[in-house]
1. Can you tell me the length gained on complete extension of the stretch Ala257 to Tyr149, counting 0.36 nm per residue apart and subtracting the Cα distance?
2. Tally Lys/Arg at +1 and Asp/Glu at -1 over every other residue whose Cβ is under 13 Å from the Cβ of Ser76; what's the total?
3. In vacuo Debye scattering of the range 74-233, one point per C-alpha: log10 I(q)/I(0) at q = 0.13, 0.18, 0.20 Å⁻¹?
4. If we restrict to alpha carbons, what Rg and Dmax does the range 119-200 come to, in Å?
5. Tell me the volume per residue, in Å³, of the convex hull enclosing the alpha carbons of the range 58-167.
6. Add +1 for every Lys or Arg and -1 for every Asp or Glu among the other residues with Cβ under 14 Å from the Cβ of Gln193, and state the total.
7. Add +1 for every Lys or Arg and -1 for every Asp or Glu among the other residues with Cβ under 9 Å from the Cβ of Leu349, and state the total.
8. For a 26 Å ceiling on Cα separation, which of these pairs sit above it: Lys174/Lys208; Lys97/Lys186; Lys97/Lys339; Lys22/Lys194; Lys122/Lys208; Lys174/Lys207?
Amino acid sequence: MKLRILITFFLIVNFLSAITIKDISNIVGIRDNQLIGYGLVVGLAGTGDKSQFTMQSLQNLLRNSYIKIPTSSIKSKNIAAVMVTAELPPFSRQGDKIKVKISAIGDAKSIDHGQLLLTQLKAVDGQVYALAQGAIVSDLENPTTGYIYEGGTIENEVDYSLQDEDSITLSLFKNDAKQAFTVEEKINKKFGQKIAMAVDTRTVQVKKPANISTVKFIYDVQSIQLDSDFKKKIVIDMNRETIIAGADIPIDPVTVARENFTIRIKKSPLNENQWDDNKVNPGKDIGDDVKLDNKPIAVNIDNTLMNSKEAPTVSDLVRAMKVMKLPMTDIIETIKIIKEMGALNNIELDIRG
């Protein structure tokens, strides 16, 4: 019997009282580039596929090794055809390692623990920028997809340099005239001169002062704090199954009913003495004046009332769902549902991966 261990890192951090320009914008030209490739996975324990294109791909591979064999004689289900995708980070250098994602495209049952053979990863210009190879760890929820962490090696670099740039262009995530004007105003105040100009409601051009390096200039611009009326953000990384959220992001009272659990969120109407009375306020204390209880439907903790002394927050919700032993995928989907229901007002979801 194989023992499988999955370690998930869960992170909750507190936002500062004000967010920064980096939180609401990108710098034009500094971005990831998408890579894609077609490959073969071998070493599967009978969970591969026997699709025609898989057999043809294997035949071509063997032919390159001077082994000629008709596809009709290949009976193995230990191989699978896959698409391999990755992101090429800005300023990547030859030899850098990147994570690659592998997805079966035939009728394979699982690609877990399979070995991805050397695969070229290309960008939209048709050039090869990375090579991928290695052992796959599949997704627990979907065994026909998986990852190889540091499974890709950068072979070619994107020709882009900041050294000779005399200006940068900020692209705001939100199309908002007030936000663009505020960013312009904050930058000019920071540097004590008019170097920033909002050219439209999403674009701010900033000229670099002569007495500063480009990297220091970008750091100074991105570190400028903005007023607290800007939207707070919850960052959800789907690939890493990680949530980054401020501990002070409130959730309006709401009930979420999923197939395997129900959770109701509300601020308690109890006074100080009633809150501390276990007979009046029973349940599991998870700290920070938050309790979980089964009432009014007393079955088990899968049907939970999250009772918060103060306004319930995203931090409270995530801790509660971890106590309920729910997988990170359910926690992420619940936060997305709560946002769609309007219970997270003036909050931006940044979903990545």
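Throughout, read-outs are computed from the coordinates displayed, never taken from laboratory work. In this text, all values refer to a predicted model and were calculated from it rather than measured experimentally. Neighbour counts run over all protein chains shown; Cβ positions are idealised from the backbone, glycine included.
1. Values: separation 108, 0.36 × 108 = 38.88 nm, distance 3.46 nm.
Net length gain for the segment: 35.4 nm.
2. On the way: positive: Lys50, Lys75, Lys77; negative: Asp49.
Counting the neighbours of Ser76, the net charge comes to +2.
3. Listed by q, the Debye log ratios stand at -0.80, -1.00, -1.11.
4. Using the Cα atoms of the range 119-200, the pair Rg, Dmax is 21.2, 56 Å.
5. Values: hull volume 15.2 nm³, N = 110.
Expressed per residue, the convex hull around the Cα atoms of the range 58-167 is 138 Å³.
6. On the way: positive: Lys186, Lys189, Lys190, Lys194, Lys207, Lys208; negative: Glu184, Glu185, Asp220.
That sum, taken over residues with Cβ under 14 Å, equals +3.
7. Working: positive: Lys233, Lys336, Lys339; negative: Glu348, Asp350.
The answer is +1.
8. Values: Lys174/Lys208 24 Å; Lys97/Lys186 37 Å; Lys97/Lys339 35 Å; Lys22/Lys194 20 Å; Lys122/Lys208 34 Å; Lys174/Lys207 22 Å.
As for pairs spanning more than 26 Å Cα to Cα, those are Lys97/Lys186; Lys97/Lys339; Lys122/Lys208.
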